[in-house]
Amino acid sequence: MDFRLEKLKENLESATEGMSREQLSWHLPGKWCAADVLEHLYLTYTGTILGFERVMRKGKPLASRASMAQRVSTWVVVGLGRMPAGRRKYETRSGQRWRQWMRSSRSVKPASGAT
């Protein structure tokens, strides 16, 4: 495992040590719980790593210059704060993948009844 991911994993283990499944799942209405945030970070980091690995295999950047349509879309979302119609809200899995990753080193013991 990359040393940066190992350090991240250690920091997350330290920050969540002793938290029950209920504590990780608690959230205010309409907000993400800690497990959802950790799941999002896990997906973001692993997706970024996969992207970097593809670039390194090809030996050149995979990105291309943004088209005018892409620039307008970015301006609508970022500049005006409008999400295009038909876009689905991100659905979380209450940290399932994150928990599996944390358990992979057997350093985190799941709470009773955790999946």
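The values are calculated or read from the model by the stated rules, or taken from the named source; none is laboratory data. Everything numeric in this text was worked out from a predicted model, so none of it was measured. All Cβ positions, glycine included, derive from the backbone under ideal geometry; neighbour counts span all protein chains shown.
With the requirement that a residue be farther than 22 Å from F52 by Cα, of a type in the set (A, V, I, L, M, F, W, C) and in contact (Cβ under 8 Å) with a residue 12 or more places away in the chain, what does segment 1-41 give you? Outline the logic, then answer.
At the first step, the residues of segment 1-41 found to be farther than 22 Å from F52 by Cα are 10-37.
Add one more test, that the residue is of a type in the set (A, V, I, L, M, F, W, C), and what stays is 12, 15, 19, 24, 26, 28, 32-35, 37.
If the condition is that a residue be farther than 22 Å from F52 by Cα, of a type in the set (A, V, I, L, M, F, W, C) and in contact (Cβ under 8 Å) with a residue 12 or more places away in the chain, then L12, M19, L24, W32, C33, A34, A35 are the ones that fit.
When the residues of segment 16-59 are narrowed to those that are farther than 18 Å from Q100 by Cβ and among the hydrophobic types (A, V, I, L, M, F, W, C), which ends up surrounded by the most Cβ atoms within 10 Å (Cβ to Cβ)?
W32
Using the structure shown, decide if S67 is surrounded by 13 or more Cβ atoms within 10 Å (Cβ to Cβ), modelled with pLDDT of 70 or more and at negative phi. Let's see the steps before the verdict.
Working: surrounded by 13 or more Cβ atoms within 10 Å (Cβ to Cβ): no; modelled with pLDDT of 70 or more: yes; at negative phi: yes.
No.
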